[in-house]
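Below: one structure, written as structure tokens.
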Amino acid sequence: MIRHHARGVSLTPAGNTFLAQARSLVAHAEEVASTGRALGESAQGILEVGCFWTLSPFFLPGLLVLARERHPELEIKVSEGPLNELQSLLHNGNIEMALLYDIDLDPALARVPLADVKPHVLLPASHPLANRASLSLKALRDEPFILLDLPHSRDYFLGFFGKLGFQPRVRHRSQSFELVRGLVASGEGYSILNLQPASQQTYDGGKVRCLPIREKMPSLSVVLGHPVGLRQTGRAQAFLHCCHEYFKKTPKSQSA
């Protein structure tokens with residue numbers, strides 16, 4: 001389960017699996033030994049969770065507040081990052097579960113659906129088409145496109161155009177959600193995003209407009225992922241219940 005190489009040693013895939021299972025057992029042992037609390041009492045202790053970095057500003061603040069209200073003795077520690085990093089943390093047992101998009105996920109991860117988020121077109125508020133009720137992507141085929149250029153996400157967005165028989169004129173690429181919005185607001189082009197902040201204003205004071213896409217395009221599912229076959233602690237189950245409660249009342253402005 002240990003691989004030797006010039007720079008030292010590292011765990012094999014089997015070793016990583018064993019380590020994750022061992023950490024799970026330790027977490028359960030600590031949970032049993034921590035208190036003799038009565039059945040049904042609030043979850044206690046530290047819960048390590050992950051969150052995909054573009055999801056965290058939309059959902060984590062409200063979710064963490066709800067979890068603290070429901071379980072005041074539960075301390076949630078969050079690791080943010082890209083998909084590959086979060087999947088590694090899950091497989092290594094460093095986090096118990098993670099809030100993710102259900103896109104290119106490892107089959108070894110179980111996923112609990114929480115919400116579906118539809119793609120929409122982002123235009124500058126001053127754009128001639130910005131006041132439409134909805135918009136066809138074909139109406140923008142000659143305009144520059146600003147791509148949210150994250151691994152896995154980029155193929156999802158660019159795939160829309162293949163279905164319509166043309167490719168976008170990509171002017172800018174960015175891994176920053178807010179930079180994409182700022183570039184759109186400044187008139188550098190249009191974009192496609194799945195989440196929209198409650199405010200149409202950007203960091204530098206610009207304005208954008210979000211419009212539904214007239215063509216039928218695939219939504220993205222927000223899920224809570226965790227390793228298949230590992231028993232969840234009571235802390236993790238408590239967090240899962242909070243997720244279900246929170247997403248049932250999530251404002252449509254965040255998930256439309």
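The values are calculated or read from the model by the stated rules, or taken from the named source; none is laboratory data. Only a predicted model underlies this, so the values are computations on that prediction, with no experimental measurement involved. Here the Cβ positions follow ideal geometry from the backbone for every residue, glycine too, while neighbour counts run over all protein chains shown.
Taking the range 128-169, which residues are among the polar types (S, T, N, Q) and touching a residue at least 12 places away in the same chain (Cβ under 8 Å)?
Selection gives 131, 134, 136, 153.
Quick one: in the range 124-147, which of the residues that are surrounded by 14 or more Cβ atoms within 10 Å (Cβ to Cβ) and among the basic types (Lys, Arg) is nearest to residue 58 (Cα to Cα)?
Per the criteria, the residue is 132.
Out of 100, 74, I need the residue that is in contact with a strand residue (DSSP E or B) (Cβ under 9 Å, 6 or more places away or on another chain), buried (at least 19 other Cβ atoms within 10 Å of the Cβ), closer than 24 Å to residue 153 by Cα and assigned by TED's automatic domain parsing to the domain that holds residue 45. Which one?
100 is the lone residue from the list that is in contact with a strand residue (DSSP E or B) (Cβ under 9 Å, 6 or more places away or on another chain), buried (at least 19 other Cβ atoms within 10 Å of the Cβ), closer than 24 Å to residue 153 by Cα and assigned by TED's automatic domain parsing to the domain that holds residue 45.
So residue 125 fits all but one of (1) touching a residue at least 60 places away in the same chain (Cβ under 8 Å); (2) not assigned by TED's automatic domain parsing to the domain that holds residue 185; what number is the exception?
(2)
Find the strands (runs of 3 or more DSSP E) located wholly in the range 148-256 whose residues include 3 or more that are surrounded by fewer than 19 Cβ atoms within 10 Å (Cβ to Cβ) and in contact with a Leu (Cβ under 7 Å, 6 or more places away or on another chain), and list them.
Where strands (runs of 3 or more DSSP E) fall fully within the range 148-256 and carry at least 3 residues being surrounded by fewer than 19 Cβ atoms within 10 Å (Cβ to Cβ) and in contact with a Leu (Cβ under 7 Å, 6 or more places away or on another chain), they are 169-174.
Consider only pairs whose beta carbons are under 6 Å apart and that are at least six residues apart or on different chains; among these, list those whose first residue lies in the range 60-79 and is closer than 14 Å to residue 43 by Cβ and in a helix (DSSP H, G or I) and whose second residue is at pLDDT below 95 and polar (S, T, N, Q).
No pair meets every condition.
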